[in-house]
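Read through the structure below, which is laid out as structure tokens, and then see the notes.
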Amino acid sequence: MEKTLKQNEPLVKHIYTADPSAHVFDGKIYIYPSHDIDHDGPTNDNGDQYAMEDYHVLSLDGFDSPCVDHGEVLHLKDIPWASQQLWAPDAAFKNNTYYLFFPARDHDGIFRLGVATSPNPAGPFTPQENYIPGSFSIDPAVLVDDDNRAFIYFGGLWGGQLEKWQTGSFIPDAEGPAENEPALGPRFAELSEDMLTFKEDPKEISIVDENGQPILAGDEERRFFEGPWVHKYNGYYYLSYSTGTTHCIVYAMSKNPEGPYVYKGKILTPVLGWTTHHSIVQFEDKWYLFYHDSSLSGGVNHKRSVKFTELKYNEDGTIQTIDPYK
């Protein structure tokens with residue numbers, strides 16, 4: 001086990017990990033990644049190669065301490081409603097309980113969001129019998145705001161099925177908007193006090209340019225693809241996400257958790273591998289970006305490794321772009 005952690009190096013090497021959601025609980029950093037399976041199956045745009053079956057929790061006492069793998073904390077076989085693909089999760093703390101939010105396909109092959117609970121941030125987690133009513137698509141991210149209200153953000157295109165929900169119902173052959181139409185935004189809902197259901201039907205978040213015009217579906221450098229994450233800094237909400245086809249992490253800012261969010265720029269330039277997925281967290285007096293790439297596997301898209309690097313703000317609150325290979 002590595003004792004000294006280095007920026008832009010894999011946190012762990014004994015398993016493949018991706019999609020890191022990092023949080024500070026009880027003065028320690030806990031990372032909730034997906035767990036990539038080491039297989040040599042086919043790759044396609046539907047994401048069948050991402051065949052994850054369980055979750056591990058990683059933790060750090062600090063960046064001068066080893067990264068601890070707490071082992072398997074939840075497995076597909078323990079989730080009654082789920083059939084396959086435990087993709088990118090997130091965690092939250094409220095009601096003296098730790099909640100693990102995760103996507104999976106139900107028994108009809110439709111992605112839904114589930115939730116599991118634990119008294120311990122390192123798990124193990126006990127799943128609810130059913131998925132969250134009214135939930136769909138992938139990549140849940142939860143913000144427990146300063147007033148203790150909790151918000152969930154989610155959604156992803158293509159394999160994440162977001163295009164198929166534009167009418168409010170699942171339409172298997174639905175496609176996304178035309179290139180000159182507004183891009184699909186991530187979805188947003190306030191969570192109930194017990195964190196197990198939505199208080200309301202999910203709403204679409206609007207991402208606009210500096211002139212208030214919607215980012216268009218054909219604007220692949222800026223439009224939302226998947227992996228939403230929301231954090232707060234100096235009174236602003238920051239919505240960051242993956243652009244998918246152009247492989248960047250970008251961000252937008254708002255004074256309101258529901259948006260609209262104004263696009264601001266890139267956080268992370270493309271990494272090795274097709275996917276890019278991240279989280280942003282403050283630890284002590286610094287901010288950090290957790291992300292993944294496929295360097296440990298020599299570039300295999302579905303064999304990824306979680307890394308971290310320091311994130312820095314400019315005086316006006318904008319974020320400095322990171323190239324992890326410089």
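If I filter the stretch 13-34 for residues that are open to solvent by 70 Å² or more (accessible area, probe 1.4 Å) and within 17 Å of ASN301 (Cα to Cα), do I get at least one hit?
Taking the stretch 13-34 first, the residues open to solvent by 70 Å² or more (accessible area, probe 1.4 Å) are 13-14, 26.
Keeping just the survivors that are within 17 Å of ASN301 (Cα to Cα) gives 13.
The answer is yes; a qualifying residue exists.
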Is it true that some residue in the stretch 60-70 is among the small types (Gly, Ala, Ser) and either over 20 Å from HIS292 (Cα atoms) or open to solvent by 10 Å² or more (accessible area, probe 1.4 Å) (or both)?
-> yes
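Of all the residues that make up the stretch 293-321, how many are of a type outside the set (Ser, Thr, Tyr) and under 15 Å from SER240 (Cα atoms)?
Pass one, the stretch 293-321, residues of a type outside the set (Ser, Thr, Tyr): 293, 296, 298-304, 306-308, 310-312, 314-317, 319-320.
Remaining after also requiring under 15 Å from SER240 (Cα atoms): 311-312, 317, 319-320.
Residues that pass the stated criteria total 5.
Go through the stretch 178-230 residue by residue and tally those that are under 24 Å from LEU268 (Cβ atoms) and hydrophobic (A, V, I, L, M, F, W, C).
Here is the first cut: in the stretch 178-230, the residues under 24 Å from LEU268 (Cβ atoms) are 183-188, 205-210, 214-230.
In the following step, the residues that additionally are hydrophobic (A, V, I, L, M, F, W, C) were identified as 183-184, 188, 205, 207-208, 215-217, 224-225, 229-230.
Here the count works out to 13.
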Any chance PRO80 is modelled with pLDDT under 95 and either open to solvent by less than 10 Å² (accessible area, probe 1.4 Å) or not in a strand (DSSP E or B) (or both) = no
Exactly one of TYR325, TYR291 is in a loop (DSSP other than H, G, I, E, B), within 17 Å of LYS6 (Cα to Cα) and in contact (Cβ under 8 Å) with a residue 60 or more places away in the chain, and that one is TYR325
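Can you tell me which of SER206, SER254, SER240, SER192 is more than 23 Å from PRO177 (Cβ to Cβ) and either among the polar types (S, T, N, Q) or at pLDDT below 95 (or both)? Explain how you work it out, then say what you get.
Values: SER206 fails: more than 23 Å from PRO177 (Cβ to Cβ); SER254 fails: more than 23 Å from PRO177 (Cβ to Cβ); SER240 fails: more than 23 Å from PRO177 (Cβ to Cβ).
Just a single option satisfies the conditions, and that option is SER192.
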Hits in the stretch 209-235 - residues which are within 21 Å of the chain's Cα centre (by Cα) and part of a strand (DSSP E or B) = GLU226, GLY227, PRO228, TRP229, VAL230, HIS231, LYS232, TYR233
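Give the number of residues within the stretch 266-290 that are open to solvent by less than 10 Å² (accessible area, probe 1.4 Å) and within 12 Å of SER240 (Cα to Cα). Break it down stepwise before answering.
Within the stretch 266-290, the first condition is being open to solvent by less than 10 Å² (accessible area, probe 1.4 Å), and the residues that meet it are 267-268, 276, 278-280, 289-290.
Still in the running and within 12 Å of SER240 (Cα to Cα): 267-268, 276, 278-280, 289.
Qualifying residue count, the stretch 266-290: 7.
The values are calculated or read from the model by the stated rules, or taken from the named source; none is laboratory data. The structure presented is a predicted model; accordingly, all values stated were derived computationally and were not measured. Neighbour counts run over all protein chains shown; Cβ positions are idealised from the backbone, glycine included. Just the protein is used for accessible areas: all its heavy atoms, side chains included, with ligands, DNA and RNA removed. Shrake-Rupley method; radii C 1.70, N 1.55, O 1.52, S 1.80 Å.
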